[in-house]
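First up is the structure itself, then whatever we jot down about it.
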Amino acid sequence: EKSLKQQIETLKLEALVKELELKTIKSHINPHFIFNALNSIRALIDENPSRARNAVTHLGNILRSSMQSESLTTVPFEKELNIVKDYLALEHIRFEERLTIEYNIDEATLSHPVPPMMLQTLVENAIKHGISKDVDGGVVKVTSDFQDKYHELVVQNTGKLNGHAGHPGFGLSSTRSRLNLLFGDKANFEITQNGNLVEA
């Protein structure tokens, strides 16, 4: 009985540590994202006030969604996708014809649970390390489908890896950590060069 109690206490402690780790990661993601979005809007204010107003609407939608999912471990993929669509609409205002956006979404995946702000973080990385670094811009593709009973999410962007896979920044390391904490070895994350596209 004493041994069983100790096992239960150990499991409770492990669960608490996991929860705290997830909260720490999430608390770093939101300010990082908001800072980037505000910079995009600031650039638009003098240049195109009506577009700046649209951008503020997109940002408002994103903040509302992210605040609602703040306490959640996972959210339906559709909710996460809506945040990504608002974010990319915001970035499209900034990059105009330099940014092409493509979605390839299996509707059966829309109700599937995913960690909140995870896809958005990968898309933000695609813009920051891919599109913004290329004078001609490029494409960001978001694909969601089922492969061998697993939900596969793919973000592709025009660009080169430049060593980011070997020394991942916060966005990539947080993605790995969250997937590991939530799903253990049932989840996998990798980032590779696929022709002229970086694929996460």
Single unsatisfied condition, ARG94 versus (1) more than 14 Å from the chain's Cα centre (by Cα); (2) at pLDDT 85 or above: (2)
Filtered residues of the stretch 130-151 (kept if open to solvent by 60 Å² or more (accessible area, probe 1.4 Å), out of contact with any Ser or Thr (no Cβ under 8 Å at 6 or more places or on another chain) and not basic (Lys, Arg)): VAL135, ASP136, GLN147, ASP148, TYR150
Qualifying residue in the stretch 16-28 (condition: at pLDDT 80 or above and open to solvent by 50 Å² or more (accessible area, probe 1.4 Å)): no
Any hit, the stretch 55-67, residues being closer than 21 Å to TYR150 by Cβ, touching a helix residue (DSSP H, G or I) at 6+ places or on another chain (Cβ under 7 Å) and either of a type in the set (Val, Ile, Thr) or open to solvent by 60 Å² or more (accessible area, probe 1.4 Å) (or both): no
Tally of residues being outside any strand (DSSP E or B) and under 17 Å from LYS186 (Cα atoms) across the stretch 132-152: 2
Residue under evaluation ILE101, criteria (1) open to solvent by 40 Å² or more (accessible area, probe 1.4 Å); (2) in contact (Cβ under 8 Å) with a residue 60 or more places away in the chain; (3) of a type outside the set (D, E, K, R); (4) in contact with a helix residue (DSSP H, G or I) (Cβ under 6 Å, 6 or more places away or on another chain), criterion not met: (2)
Complete set of residues in the stretch 89-111 that are of a type outside the set (D, E, K, R) and part of a strand (DSSP E or B): LEU99, THR100, ILE101, TYR103, ASN104, ILE105
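The values are calculated or read from the model by the stated rules, or taken from the named source; none is laboratory data. On a predicted model such as this, the values are computed, not experimentally measured, just so you know. Ideal geometry is used to build each Cβ from the backbone, glycine not excepted, and the neighbour counts take in all protein chains shown. Accessible surface areas use protein heavy atoms only, side chains included; no ligands, DNA or RNA. Shrake-Rupley method; radii C 1.70, N 1.55, O 1.52, S 1.80 Å.
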